[in-house]
Amino acid sequence: MIIRIDDAEDARLDRFRRIRDRDLRADGGRFVVESPRVVSRFLAAVDENRSEVDAVLLAEDQRLIDPESVPAPVMLADRDLMTAVSGYHFHGGAIAIGRRPRREPGLESLLERLPRTGAVTLIALAGITSMDNIGSIFRTVAALGGSGLVLDGDASDPMLRRTIRISMGQVFRVPWARVRTLEAVIPSLRAAAEIEPVAIENLADATPLHRAVLPPRRMLVIGNEGHGVSADTLDACPTRLRIEGPPDLPADEGPGGPDERSLNAATAAAIALHAVMTRDAGGDD
């Protein structure tokens, strides 16, 4: 149903007035999606029965989304009205309200979307709390051909407004699962899908990334922004890799040193995933 609106006080716009994450979670479990490209990726997931849409607000002059194709009420308005109602300037002419599932996707649903044979590269997020990092890693996994993500119980919510935007809507395309702890599900990943964990951590005894020999089905574990991969998770990862800095870096600033330099979690994930996928493609001799 398409509704044209020219009055900012129209009651049909009320669902778009309080679209802070905490308000939407309290309102029956909803989330907000913004910008035409991100909304279009969200609606593609709706079309594939992987998400549900509550309503959409579009600028009349945007061309990326066909209002007739949306299985929910679509309200058309000018951009100034959209900004006045939502309180945000970064919508780009498209805002959607989605419905959260009753439960976040679990490990079984992720495994169903993975190939049964051949290479698999998952990224596991161990306590990653930054919305920006979560969104960036989803986008990286999509761009570099990763297989999906596993988030532990301490990792930030992927369905937050900022995370969705930074991911460029890839949270709706990349398979992912929420688990309580990584160490608890590693045996299940081995038994059900032959996936082996690999910790990416700045340890003095870790193997340099460029020398790594990895199993074809693996899960790269990226640790918390402040303290890295926990001891319990490290114990469950027999393979540990480090991303080395320049060879002339002072010893006390290198991996394991008291003043070690470390990479942002999203950057580390991108470097590790690129190295692994390039090697799979035969780019490393």
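No lab work stands behind these numbers, since they all come straight from the coordinates. Note that this is a predicted model, so its numbers are computed, not measured. Every residue, glycine as well, gets a Cβ built from its backbone with ideal geometry; the counts of neighbours run over all protein chains shown.
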I'm a student and want to see the number: the projected area of the Cα convex hull of the stretch 8-161, averaged over all directions, in nm². 10.0
In vacuo Debye sum over C-alpha of the stretch 126-261, base-10 log of normalised intensity I(q)/I(0) at q = 0.09, 0.12, 0.14, 0.21 Å⁻¹, listed in q order, is -0.28, -0.51, -0.69, -1.34
(i) 1, 5, 12, 15, 17, 17, 13, 9, 6, 3, 1, 0, 0; (ii) 1, 5, 12, 17, 20, 19, 14, 8, 2, 0, 0; (iii) 1, 5, 12, 15, 16, 13, 10, 9, 7, 5, 3, 1, 0, 0, with the label sought being that of the calculated P(r) over Cα pairs in 5 Å bins from 0, in percent: (iii)
Unit charges at the beta carbon, dipole of the chain: most positive-side option, Ser230, Ser147, Val213: Ser147
Here the stretch 2-7 yields Karplus 3J(HN,Hα) values (6.51, -1.76, 1.60; θ = phi - 60°; whole Hz; Gly and Pro given as x) of 9, 10, 8, 10, 10, 10
Sorted by Cβ density within 10 Å, fewest first, the residues Ile164, Ile271, Ile19, Ile95: Ile271, Ile19, Ile95, Ile164
Förster radius 25 Å - calculated FRET efficiency between Ala231 and Arg100, Cβ distance, rounded to 0.05: 0.15
Spelling it out for Ala124: with amide H atoms placed in the peptide plane at 1.01 Å from N, the residues 5 or more places away or on another chain with amide H under 5 Å from its amide H are Val150, Leu220, Val221, Ile222
For a quick check: sort Glu201, Glu244, Glu108 by the number of other beta carbons within 10 angstrom, fewest at the front. Glu108, Glu244, Glu201
